[in-house]
Amino acid sequence: MSNIQQFKYDNKITRAFGAASFIWGLVGMLVGLIMALQLVYPTLNLGHWFTFGRLRPLHTNAVIFAFVGNGIFMGVYYSLQRLLKARMWSDKLSWIHFWGWQLVILCAAYTLPMGLTTSSEYGELIWPIDVLITLVWVIFGVNMFGTILVRRESHLYVAIWFYIATWVTVAVLHIVRSLEIPVSWTESYPIFAGVQDGLVQWWYGHNAVAFFLTTPYLGMMYYFLPKAANRPVFSYKLSIIHFWALIFIYIWAGPHHLLYTSLPDWVQSLGTVFSIMLIAPSWGGMLNGLLTLRGAWDRVANDPVLKFMVVAVIAYGMATFEGPMLSIKSVNAISHFTDWTIAHVHVGALGWNGFLTFGVLYWVWPRMYRTELYSKQLANIHFWVGTLGIIFYAVPLYFAGWTQALMWKEFTPEGTLAWGNFLDTVKQIIPMYALRVVGGSLFFVGTILGVYNLYKTGKQGQFMADENAEAPGLPAVALAEAGGSPSSAEATAGKAPKQHWHRWIEGRPLQMLLLSTIVIAIGGIVQIIPMVFIESQVPKISTVKPYTPLELAGRDIYIKEGCVGCHSQMIRPFRDETERYGEFSKSGEYIYDRPFLWGSKRTGPDLWRVGGKYPDSWHYNHMLDPTIMSPGSIMPAYPHLLEQPLDLRDLPAKISALRKLGTPYPKDFEKYALENAKEQANKIAKNLAEQGVKDQGIADKEIVAIIAYLQRLGTDIKIGK
């Protein structure tokens with residue numbers, strides 16, 4: 001027993017991340033609630049910093065990386081120390097990680113409403129923040145692996161497998177998605193363009209969901225659910241299958257976000273096949289979690305912690321069944337670009353991530369403060385209010401999505417679109433958007449109750465910053481590295497213990513890291529490499545030319561205002577879409593689009609063939625006040641575009657950067673870019689004057705650039721009727 005060592009667990013870092021999770025959760029949910037209200041009451045789009053388009057990335061980043069991100073680190077820092085029987089390797093690195101992550105969040109909270117964005121979904125942050133994220137993530141990894149290497153426990157428990165896979169995969173995803181050429185401190189262009197950029201984006205975007213919103217939470221499920229239930233995990237073998245199958249299959253599934261687009265069919269088919277395969281490991285993990293409660297179901301009715309965790313695991317099962325179903329082409333033809341997808345995402349975000357975070361916080365907080373939960377009754381109220389919130393949020397959006405799809409695709413007996421005016425399909429779902437506000441409000445109120453309950457729990461208890469612990473020292477680890485320590489009976493008998501084959505990996509963290517890296521890399525390599533290096537995958541079209549300098553400036557304004565959040569630029573080969581919008585999109589049309597702007601939701605109509613459809617004055621008035629041209633529109637007004645000076649100072653640098661990436665601008669064109677842009681701006685101003693727009697100095701305002709860009713869309717190919 002002389003090998004027993006005393007040490008202390010660090011609870012301060014767990015408390016810091018837990019408090020940050022709840023605080024940022026309130027912020028992110030409040031922004032989401034404001035956005036939901038804006039879709040019902042467009043007048044709530046107050047000023048150009050708080051329009052729906054600018055708030056949408058703020059909401060998603062606040063919920064994913066601030067609320068859930070801090071929740072992940074809370075769970076990892078608490079469980080990792082106890083599973084390894086060691087304090088975190090470096091307290092200093094722990095706190096650099098904490099404050100670095102909060103700095104990332106604050107930078108996002110400032111830049112996104114300012115319109116400083118890359119427009120890549122879940123990866124909108126500009127390149128200096130990307131660099132900061134990389135540094136913080138490396139610090140987290142060094143601290144985590146440092147702790148693993150000095151552990152006092154030989155066995156790496158299943159939760160740690162998921163933490164390791166999370167760290168390495170998020171690192172790979174972030175690096176590849178962030179490959180870009182900076183133009184200024186706030187702008188850059190990705191090295192991939194068009195179809196290739198779309199594939200890389202959803203390889204990243206889907207797996208940001210997989211390896212940021214799923215795998216670390218599965219690690220937390222495997223630790224906290226058995227602890228809360230006081231039961232062992234149902235099946236060790238099932239956890240092995242769950243882990244390796246999940247991290248291998250998930251990485252292939254990204255292309256299911258791009259079905260029926262210009263992406264080559266072979267990549268779409270791979271995405272569909274692997275997405276459907278995901279049901280097996282995902283449901284294996286769900287069942288492993290639920291069956292862990294065998295013999296403890298009577299406690300669920302009385303324990304709010306278990307209530308939250310059970311519903312979280314069920315929501316995980318629902319979301320991971322629905323996701324593969326939405327990847328089937330016939331289903332995706334209905335669901336894509338509709339609110340069905342929004343409902344699906346929020347079942348996972350609110351149910352799986354939100355409820356598991358609440359459950360873990362309710363379990364951890366009393367233990368760190370050495371007291372009982374302030375009010376189980378209040379926690380139960382939080383549970384039921386939150387559950388009703390999820391239902392009232394998701395169900396109306398399911399109906400909204402089905403309504404949209406059916407109305408978009410409906411034809412009259414004469415063969416014409418039954419709902420030719422896209423706005424008519426929007427007006428039908430406003431009541432469903434109003435019900436979504438009710439659901440979001442309920443969930444938000446529940447979160448406030450949770451914050452209050454945890455605050456009062458802390459007030460009545462005494463915080464244990466350094467928790468005493470003891471465990472055998474390092475010799476046990478050295479023995480484990482040789483294959484594991486034998487039991488006393490086996491040692492007495494002189495027999496080698498019979499080890500499961502997977503124990504070899506579990507006792508060797510560096511091998512676990514290496515194997516995880518290989519497994520997660522395969523899918524991305526198979527899908528992305530051919531698309532980048534085989535030219536025939538994206539056939540070029542001779543008539544497709546680069547954007548003019550003014551159109552390029554207008555495109556950047558389109559990105560800044562977040563227009564991609566409501567408008568797609570991808571016409572799929574469906575009869576209803578070609579009748580409504582025009583010829584379906586070709587992959588070669590997007591070869592100069594950096595970044596791609598296909599979108600993932602149609603709150604407004606597709607814009608890919610809008611070029612030349614309306615006179616310049618129509619776009620001018622539509623931006624001034626959308627209801628002038630489209631009575632009943634819920635689109636925000638953009639009067640600031642008529643007032644903001646058009647800043648073209650970075651145009652030469654942008655032209656130069658795009659030429660380096662392969663855009664065929666003439667040699668030294670950047671020297672003439674400003675002159676070219678001003679010439680085109682004057683032509684648009686003249687057109688506006690001829691069409692009745694009396695606005696002095698309009699040629700120097702942002703509106704002319706956005707008009708130039710919109711009038712260009714989809715005009716590079718001529719389709720005969």
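The values are calculated or read from the model by the stated rules, or taken from the named source; none is laboratory data. Keep in mind it's a predicted model, so treat the numbers as computed, not measured. Glycine gets a Cβ as well: all are built from the backbone with ideal geometry, and neighbour counts include every protein chain shown.
Some points to look at:
- Once the stretch 289-316 is narrowed to residues that are small (Gly, Ala, Ser) and under 26 Å from the mean Cα position of the chain (by Cα), the residue that is nearest to residue 233 (Cα to Cα) is 289.
- Checking the stated criteria, residue 22 turns out to be at pLDDT below 95, assigned to a helix (DSSP H, G or I) and either within 27 Å of residue 352 (Cβ to Cβ) or touching a Phe, Trp or Tyr at 6+ places or on another chain (Cβ under 8 Å) (or both).
- Set 385, 364, 395, 331: member being over 21 Å from the mean Cα position of the chain (by Cα), within 22 Å of residue 205 (Cα to Cα), modelled with pLDDT of 95 or more and hydrophobic (A, V, I, L, M, F, W, C): 331
- Of the criteria (1) part of a helix (DSSP H, G or I); (2) of a type outside the set (Val, Ile, Thr); (3) touching a Leu at 6+ places or on another chain (Cβ under 6 Å), which one residue 153 fails: (1)
- Flag if residue 296 is of a type in the set (A, V, I, L, M) and either crowded, with 22+ Cβ neighbours inside 10 Å or touching a His at 6+ places or on another chain (Cβ under 9 Å) (or both): no
- Once the stretch 51-79 is narrowed to residues that are farther than 23 Å from residue 432 by Cα and of a type in the set (Phe, Trp, Tyr), the residue that is farthest from the chain's Cα centre (by Cα) is 78.
- Tally of residues being β-branched (Val, Ile, Thr) and out of contact with any Phe, Trp or Tyr (no Cβ under 9 Å at 6 or more places or on another chain) across the stretch 545-603: 3
- Residue that is surrounded by the most Cβ atoms within 10 Å (Cβ to Cβ), among those in the stretch 34-53 that are within 16 Å of residue 641 (Cβ to Cβ) and among the small types (Gly, Ala, Ser): 53
- Long-range neighbours under 7 Å by Cβ, at least six apart or interchain, first residue more than 20 Å from residue 262 (Cα to Cα) and in contact (Cβ under 8 Å) with a residue 60 or more places away in the chain within the stretch 513-532, second among the polar types (S, T, N, Q) and assigned to a helix (DSSP H, G or I): 520/169
- Filtering the stretch 333-361 to residues that are farther than 23 Å from residue 260 by Cβ and of a type in the set (Phe, Trp, Tyr) leaves 352, 355, 358.
- Whether a residue is in a loop (DSSP other than H, G, I, E, B), surrounded by 18 or more Cβ atoms within 10 Å (Cβ to Cβ) and at negative phi was assessed, and residue 641 does not pass this test.
- The listed residue being crowded, with 16+ Cβ neighbours inside 10 Å and more than 20 Å from residue 187 (Cα to Cα), out of 654, 686, 678: 678
- All conditions in (1) over 27 Å from residue 545 (Cβ atoms); (2) in contact (Cβ under 8 Å) with a residue 60 or more places away in the chain hold for residue 266, with the sole exception of (2).
- Residue match in the stretch 636-648 (condition: under 27 Å from residue 258 (Cα atoms) and either outside the structural domain of residue 409 (by TED's automatic domain parsing) or polar (S, T, N, Q) (or both)): no
- Pairing residues of the stretch 169-182 that are closer than 15 Å to residue 118 by Cβ with residues that are of a type in the set (A, V, I, L, M), at Cβ distances under 6 Å and at least 6 apart in sequence or on separate chains, gives 179/191; 181/657.
- Residue match in the stretch 89-101 (condition: in contact (Cβ under 8 Å) with a residue 60 or more places away in the chain, in contact with a helix residue (DSSP H, G or I) (Cβ under 6 Å, 6 or more places away or on another chain) and not in a helix (DSSP H, G or I)): yes
- Residue tally, condition buried (at least 24 other Cβ atoms within 10 Å of the Cβ) and either in contact with a Gly (Cβ under 7 Å, 6 or more places away or on another chain) or not in a helix (DSSP H, G or I) (or both), over the stretch 72-85: 1
- Residue among 69, 18 that is touching a Leu at 6+ places or on another chain (Cβ under 8 Å) and surrounded by 22 or more Cβ atoms within 10 Å (Cβ to Cβ): 18
- Annotation: residue 124 fulfils all but one of (1) buried (at least 18 other Cβ atoms within 10 Å of the Cβ); (2) free of Cβ contacts under 8 Å to residues at least 24 places away in the same chain; the unmet one is (2).
- For the stretch 173-195, a tally of residues being among the small types (Gly, Ala, Ser), in contact with a helix residue (DSSP H, G or I) (Cβ under 6 Å, 6 or more places away or on another chain) and farther than 14 Å from residue 592 by Cβ returns 2.
- All of 585, 568, 536, 542 fail the test of being without any contact (Cβ under 8 Å) to a residue 12 or more places away in the chain, outside the structural domain of residue 248 (by TED's automatic domain parsing), in a loop (DSSP other than H, G, I, E, B) and hydroxyl-bearing (Ser, Thr, Tyr), apart from 542.
- Test for residue 534: is it surrounded by 15 or more Cβ atoms within 10 Å (Cβ to Cβ) and out of contact with any strand residue (DSSP E or B) (no Cβ under 6 Å at 6 or more places or on another chain): no
- For the stretch 374-393, filtering for residues that are surrounded by fewer than 22 Cβ atoms within 10 Å (Cβ to Cβ) and in a helix (DSSP H, G or I) leaves 11.
- Count of the stretch 35-68 residues which are within 15 Å of residue 109 (Cα to Cα) and assigned to a helix (DSSP H, G or I): 16
A quick yes/no check of all residues on (1) closer than 30 Å to residue 241 by Cα; (2) touching a helix residue (DSSP H, G or I) at 6+ places or on another chain (Cβ under 6 Å); (3) buried (at least 19 other Cβ atoms within 10 Å of the Cβ):
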site: 512; (1), (2), (3): yes, yes, yes
site: 518; (1), (2), (3): yes, no, no
site: 524; (1), (2), (3): yes, yes, yes
site: 543; (1), (2), (3): no, no, no
site: 599; (1), (2), (3): no, yes, yes
site: 606; (1), (2), (3): no, yes, yes
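- Only one of the numbered conditions (1) more than 30 Å from residue 38 (Cβ to Cβ); (2) within 31 Å of the chain's Cα centre (by Cα); (3) modelled with pLDDT of 95 or more; (4) of a type in the set (D, E, K, R) is not met by residue 712, and that is (1).
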